[in-house]
Amino acid sequence: MAINGQITRTDDDALTGWIASLTFDVAITLTPNPHKTKDVHPDYEITGKSPAGRYIRIGSAWEQTSRAGKDYLSLSIKVNGQDVRVNALRTDEDPEGEYRLVPLAG
C-alpha cells in the first residue's frame, strides 16, 4: 500500500501531522499515553477526527531505537478498517522535530 505522511513534535511533547494513501487522508495527533504503567504499553495514543469533527483514538505509538542507535516511532493505526503500520523516521537532513512516515514492508 502506498502511504505517505509526516509528523512534527510540538512544544507540549505531543506530535501532530497527517497520514495519507489513495483511499484515506487523516490529520493525526500523538499525545503521551496517560495509562502507561508497563514498558510494553504504548508511549503515545493516536487520535484523528471523525467526519463529524469528533476526536477518536485510532491507534498507538511506541518509542524505539534502531540497531544503528537511531530513535524512531513505531505506529499502529486503524484507518478505514485497515491496520496500518508505519515507522516515523528522522534523517540528519530533516528539520529538528520532524519525522517522515514510512510504511512497514509486508
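Taking the stretch 19-67, which chymotrypsin sites (Phe, Trp or Tyr not before Pro) meet the DSSP loop condition and have no more than 14 other C-beta atoms within 10 Å?
When the chymotrypsin sites (Phe, Trp or Tyr not before Pro) of the stretch 19-67 are filtered for loop state and at most 14 Cβ neighbours within 10 Å, F24 remain.
Can you pull out the trypsin sites (Lys or Arg not before Pro) in the stretch 1-76 that DSSP calls coil and that have at most 11 other Cβ atoms within 10 Å?
Taking the stretch 1-76 and a limit of 11 other Cβ atoms within 10 Å, the loop trypsin sites (Lys or Arg not before Pro) found are K38, R54, R67.
Answer with one residue from I56, V86, I28: the one whose Cα lies farthest towards the positive end of the charge dipole of the chain, charges on Cβ with Lys, Arg +1 and Asp, Glu -1.
I56
Label points 7 Å out from Cα along the Cβ direction at K49 and A68: separation in nm?
Simple spin-label model gives 3.6 nm for this pair.
So which GluC sites (Glu not before Pro) in the stretch 32-93 pass both tests, a DSSP loop state and at most 10 other Cβ atoms within 10 Å of the Cβ?
Sparse-neighbourhood loop GluC sites (Glu not before Pro): E93.
Run the quick spin-label model on K38 and D12: label points 7 Å from Cα toward the beta carbon, then report their separation in nm to one decimal.
Modelled inter-label distance: 3.0 nm.
Treating cross-link reach as a plain straight distance, find the lysines whose alpha-carbon is under 29 Å from the alpha-carbon of K49, omitting any fewer than eight places away in the same chain.
Candidates past the 8-residue exclusion: K36, K38, K78.
Quick check for me: using +1 on Lys/Arg Cβ and -1 on Asp/Glu Cβ, what's the dipole size of the stretch 4-103 about its Cα centre, in debye to the nearest 20?
My answer is approximately 520 debye.
Quick one: grab the alpha carbon gyration tensor of the chain, order the square roots of its eigenvalues as a ≥ b ≥ c, and give me rounded if a/c is under 1.5, else prolate or oblate depending on whether a/b is larger than b/c.
rounded
Any read-out appearing in this document is the output of simple, stated calculations on the displayed coordinates, not a laboratory observation. Given the structure is predicted, the values throughout are model-derived calculations rather than measurements. For neighbour counting, all protein chains shown are included, and Cβ atoms are generated from backbone atoms with ideal geometry for every residue, glycine included.
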